[in-house]
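First the structure, in the form of structure tokens, and then the observations on it.
The values are calculated or read from the model by the stated rules, or taken from the named source; none is laboratory data. In this text the structure is predicted, and so the values were computed from the model without any measurement. Cβ atoms come from the backbone with ideal geometry, glycine included; neighbour counts cover every protein chain shown. Heads up: the accessible areas ignore ligands, DNA and RNA and are worked out on the full protein's heavy atoms, side chains in. Shrake-Rupley method; radii C 1.70, N 1.55, O 1.52, S 1.80 Å.
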Amino acid sequence: MKVAVFSTKFYDRQFLTDANHDDHELVFYETPLNPASAALANGYAAVCIFVNDDASADTLKILAAGGTRLIALRCTGFNNVDLNVAAELGIQVVRVTVYSPYSVAEHAVALLQCLNRKIHRAYNRTRDNNFALDGLMGVDLHDRTIGIIGTGKIGQIFAKIMTHGFGCKLLGYDLYPNPQFESDLGGKYVTLPELFSQSDVISLHCPLTSDNHYLINQAAIAQMKPGVMVINTSRGGLVDTEAVIAGLRSKQIGALGLDVYEQESELFFEDLSSEIMQDDVIERLLSFPNVIMTGHQAFFTQEAIGTISQTTLASITEFAQGKPLSNEIKPLEKAPAIAS
Ligand code: NAD
């Protein structure tokens, strides 16, 4: 099967080629998929895309006219695909339901401890032969309260690390509570206001939906403990960036770790170090000493990329062989409209 693979970097090409075993004809494009680039997939039955590709209605119509019948997402989230329009056009959509949840949970822990123990600042100082400790004091995590929003695959692993590894107390909020969070990990489900007001650290592990856009907004921040740490490795749209900037300025937010950013599609995965940054909001964010941002790299481990590549190609093979698609996303799953 001919597959047009968009938004590829050298590592995508390497892992997908290794997993392919020459079963399919993979044509790699560095460009993202959007209405302007969709014509590149003309004549390709399958298109393979990533988190910031644009599979909205306009793109899908061009793909369908060119003969595309399958979109294979190399990720879990699918908020960038208009599932209803895809179904109307006869395009099936598959995703990678599970790939190392450890990758994201462990990255959230890395951001948390880096911020707490000021590793990012110490790294720069010691390179300048500055071994002073002023401003580097952290706190013991033992006995601190961690609020986890979304206790699914990633949230549960994050919870396990925080309680078994650091001895933290766990509070959880989830639309569909998982009994193991309480029975196995000693966590306690609470309401969102309770989680906001009682947590020393709040970490987001839920999908972005139409109901929770800007979950972390001015009103939520006002309910939090002064000096709270907020970690977001889920989706940028969960956080109102202007509100967290105000929270950082007032010191209501004591530290912020972000792997995702609401305007990331225009920035992330590219080397813009020689460009003039046009996004004033991200510039402001990155000016705070107590903010660490990584560019949507939480998933980026050898294990995760290997599994993503294998699952994606297995889905394409199922489609080529006319088999039921194990990882198909149906429009009904889109109940929360922005979904991930
Ligand atoms: P999952 O489906 O296993 O768990 C998500 C949990 O969130 C579920 O328990 C669900 O009930 C809960 N939930 C759904 N809507 C909610 C809401 N409005 N409020 C609270 N809880 C809600 O998903 P997962 O594999 O644990 O992934 C979680 C999120 O992590 C994904 O949705 C994605 O946005 C993000 N993610 C980020 C990266 C990265 O590289 N930064 C990689 C993979 C996933």
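At-a-glance table
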| quantity | calculated |
| --- | --- |
| Residue ID - nearest to the ligand (Cβ to nearest atom), chosen from residues in the range 198-220 that are open to solvent by 20 Å² or more (accessible area, probe 1.4 Å) and within 17 Å of residue 248 (Cα to Cα) | 215 |
| Residue satisfying all of: in the range 257-269; within 12 Å of residue 51 (Cα to Cα) and touching a His at 6+ places or on another chain (Cβ under 9 Å); nearest to the ligand (Cβ to nearest atom) among these | 260 |
| Residue within the range 270-282 that is within 16 Å of the ligand (Cβ to nearest atom) and either assigned to a helix (DSSP H, G or I) or at pLDDT 95 or above (or both) present | no |
| Test: residue in the range 240-251 that is within 16 Å of the ligand (Cβ to nearest atom) and either open to solvent by 60 Å² or more (accessible area, probe 1.4 Å) or touching a Leu at 6+ places or on another chain (Cβ under 6 Å) (or both) | no |
| Check on residue 184, of a type in the set (Asp, Glu) and farther than 30 Å from residue 164 by Cβ | no |
| The range 24-38 residues that are over 18 Å from residue 309 (Cα atoms), paired with ones that are open to solvent by 40 Å² or more (accessible area, probe 1.4 Å) and hydrophobic (A, V, I, L, M, F, W, C) (beta carbon under 8 Å, 6 or more apart) | 31/40; 35/62; 38/62 |
| Complete set of residues in the range 288-328 that are open to solvent by 50 Å² or more (accessible area, probe 1.4 Å), touching a helix residue (DSSP H, G or I) at 6+ places or on another chain (Cβ under 8 Å) and within 16 Å of the ligand (Cβ to nearest atom) | 297, 300, 303 |
| Hey, residue 285 away from the ligand (no atom under 16 Å from the Cβ), touching an Asp or Glu at 6+ places or on another chain (Cβ under 8 Å) and not in a strand (DSSP E or B) or not | no |
| Single residue of the range 142-156 satisfying the filter (in a strand (DSSP E or B) and within 11 Å of the ligand (Cβ to nearest atom)) that is farthest from residue 201 (Cα to Cα) | 149 |
| Residues located in the range 255-278, provided they are of a type in the set (Ser, Thr, Tyr) and open to solvent by less than 100 Å² (accessible area, probe 1.4 Å) | 261, 265, 273 |
